[in-house]
Structures are given as structure tokens and as C-alpha cells.
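The values are calculated or read from the model by the stated rules, or taken from the named source; none is laboratory data. No experiment lies behind these values; they were computed from the predicted model shown. Positions of Cβ are generated from backbone atoms using ideal geometry, with glycine treated the same way; all protein chains shown enter the neighbour counts.
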Amino acid sequence: MQLCILIANLMALATGGLARPTEMKEGNDLVNIRVNSRNPELAGRLLTVSDDAVGLQDAASVPVQVYITPSELEQQIVMHIFPSGGPGDQVLALNGTSGLRPLVQIDRVRDTTSQDIDAYSFSVAGDNIMEDYNGGCWVAIPKIGGWAISWYDGQSMIIQNYFPVVLTPEPVSQI
């Protein structure tokens, strides 16, 4: 499946699809991403970004706002960060190819040419954001100053504490 992602990225690069930022249009509503968990320390909190890592920070931080557009891959989405923190199109992506894949903020033009970065295979299943290629689930892993959010493929052994979580997009106006 990673070969399919690489081929899709190369095709988009060859046609200039990655070379131009995606602009937010009227139909792209801004959403926050809420974390749902049985752990009361995690439940109901909004995702934030700190040093390009996406998670739950203990210090006061601004929730990440995204707008969703269709991906180059069929029935998939891309989550663009608004406002963009840099000169390019900032998006949410998974880093890595298997095991625990941290959710990170990347520059879509510069960083998606790596086969270890995947910003194109998210989907919305019911009310929840999923990653479609490897099965698995979202997990929160404790770190200094908060929690890191990662996609766990269900295959690798995790030797540290983690809590399964569900990520749900909510219109910014609901918050």
C-alpha cells in the first residue's frame, strides 16, 4: 500500500499538484479536532500543535483549526491547517510507514515527497477521522508536557503506556 501512496505522490508532483497551495474556499468549513477517550485527562480536549508535533499540550495553547479538502486518493481527505504557519500549505500528516505513526504538521509542498510522510490517506468514517491503509486506531502516548497523538497499526508491540482515542472533527462555531 505504501507503494501506491508513493506512486500517487509522484504523479501529483509530476502534474504540479503538490506545487501549489490549496486555498481555503467558502465550502471548506473550519473545524477543530476533539479527542474522545475513556481517560478523563484526555476526554473532550482539542488537538494543538507544538514544534510540528500534534497532540494535547499541558500548557495553554491554541487548538489547531483545519479545513478539509478531497485528497488525490479516492475517498480520502487532506486536513489543511488554518491559518498556515509558514509560506506553504501546512497540513496534518502521519510520519512513518508502520507501527506507531505520529501525527505531525508538515509543509505540504516541501515534506510530502518523502515516502515516510502521509498526508493523503485520512478519511471520515461516521463522525470520526480515520487512516485507511493499515487498520489500527488512534492512540495518545504520554510525553513531557502533554500527550502525543499517533496512529497505531495494531501490529507492532508498544512497550509504553498509551490510551486508545477517537478523533472527531467539530465545526469551530460549536466550540
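Quick notes on this structure:
- Search result, residues across the stretch 44-66 that are polar (S, T, N, Q) and farther than 17 Å from residue 80 by Cβ: 50, 57, 61
- Some residue of the stretch 104-111 being within 17 Å of the chain's Cα centre (by Cα), at pLDDT below 70, within 29 Å of residue 157 (Cβ to Cβ) and surrounded by 16 or more Cβ atoms within 10 Å (Cβ to Cβ): yes
- Only residues that are outside any strand (DSSP E or B), touching a residue at least 40 places away in the same chain (Cβ under 8 Å) and touching an Asp or Glu at 6+ places or on another chain (Cβ under 9 Å) were counted across the stretch 154-175, and they come to 1.
- Total residues in the stretch 112-143, condition on the phi > 0 side of the Ramachandran plot and either modelled with pLDDT of 85 or more or of a type in the set (Phe, Trp, Tyr) (or both): 1
- Among strands (runs of 3 or more DSSP E) entirely within the stretch 24-80, having at least 2 residues that are at pLDDT 90 or above and under 21 Å from residue 165 (Cα atoms) singles out 30-36, 53-57, 65-70.
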